[in-house]
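Working notes, structure below.
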Amino acid sequence: MVEPWVIRQWMYRGGFVLICTIALFFCILPLEVGAGRWPGPDLMLAFAFAWVLRRPAYVPMVLVGLIFLIGDFIFMRPPGLWAALCVIAVEFLRGREGMSRDMPFLIEWATVSALLLGLAVVYRICLGISIVDHTSFGLVILQQISTLLVYPIVVLISTFLMGVTKITAAEAEQIGYAR
């Protein structure tokens with residue numbers, strides 16, 4: 001018989017795919033009216049960061065890579081570049097999950113903000129080196145700021161509405177994830 005935590009883990013993985021699919025759907029809707037709008041947040045990245053810091057098993061590396069690669073194709077970005085950077089960032093956070101169990105939210109938020117800024121800078125450098133046409137750096141920073149501002153809301157939704165809470169030491173030991 002399958003353990004209940006395995007079933008729950010696969011249900012949350014499916015939920016993560018559903019959340020990212022909905023976010024992609026709303027991003028491609030033609031809702032932009034006029035120029036000079038504030039760019040929207042990257043909800044897929046915010047949910048990936050929030051979930052990997054709470055329950056790393058819910059957001060496996062392959063799933064993150066596939067979802068962000070699909071996003072690269074949909075948004076016509078260089079295929080694999082943003083996906084690879086997001087996988088690296090998620091794996092960086094996954095490696096710090098053990099330390100982040102007792103971390104206050106403000107420190108978590110500061111870590112995520114530094115990572116978002118780092119992602120934006122490295123992405124722009126890679127685009128510049130390969131001489132790929134890209135948007136202005138100001139728009140990229142505004143999108144990262146909007147992602148950073150929406151991150152606490154994503155954490156609240158994940159924690160209180162979806163039940164993605166931080167893993168306890170006892171749970172980590174029970175499923176063999178203690179680090």
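A few remarks follow.
- Selection status of Leu142, farther than 26 Å from Gln9 by Cα and either under 14 Å from the mean Cα position of the chain (by Cα) or modelled with pLDDT of 95 or more (or both): no
- Identity of the residue in the stretch 43-57, closer than 15 Å to Leu18 by Cα and crowded, with 22+ Cβ neighbours inside 10 Å, that ends up modelled with the lowest pLDDT: Trp51
One line per residue, one yes/no per condition, for (1) more than 24 Å from Leu53 (Cα to Cα); (2) surrounded by 12 or more Cβ atoms within 10 Å (Cβ to Cβ); (3) touching a helix residue (DSSP H, G or I) at 6+ places or on another chain (Cβ under 9 Å):
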position: Ser100; (1), (2), (3): no, yes, yes
position: Ala110; (1), (2), (3): no, yes, no
position: Leu116; (1), (2), (3): no, yes, yes
position: Arg124; (1), (2), (3): yes, yes, yes
position: Leu127; (1), (2), (3): yes, yes, yes
position: Ser130; (1), (2), (3): yes, no, yes
position: Ser136; (1), (2), (3): yes, no, no
position: Leu139; (1), (2), (3): yes, yes, no
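- Among the candidates Ala110, Ala120, Ala84, residue that is under 16 Å from the mean Cα position of the chain (by Cα), at negative phi and without any contact (Cβ under 8 Å) to a residue 12 or more places away in the chain: Ala110
- The residues of the stretch 151-172 that are modelled with pLDDT under 80 and hydrophobic (A, V, I, L, M, F, W, C), listed by number, are Ile167, Ala169, Ala170, Ala172.
- Any hit, the stretch 22-45, residues being touching a helix residue (DSSP H, G or I) at 6+ places or on another chain (Cβ under 7 Å), without any contact (Cβ under 8 Å) to a residue 60 or more places away in the chain and assigned to a loop (DSSP other than H, G, I, E, B): no
- Among the helices (runs of 4 or more DSSP H) confined to the stretch 74-179, the ones with at least 1 residues that are of a type in the set (Asp, Glu) are located at 81-95, 97-100, 105-129, 169-174.
- Residue satisfying condition, being at pLDDT 85 or above and within 22 Å of Thr159 (Cα to Cα), within set Phe68, Phe16, Phe73, Phe26: Phe16
The values are calculated or read from the model by the stated rules, or taken from the named source; none is laboratory data. If you're wondering where the values come from, they're calculated on a predicted model, not measured in any experiment. Cβ: placed from backbone, ideal geometry, glycine included. Neighbour counts: every protein chain shown.
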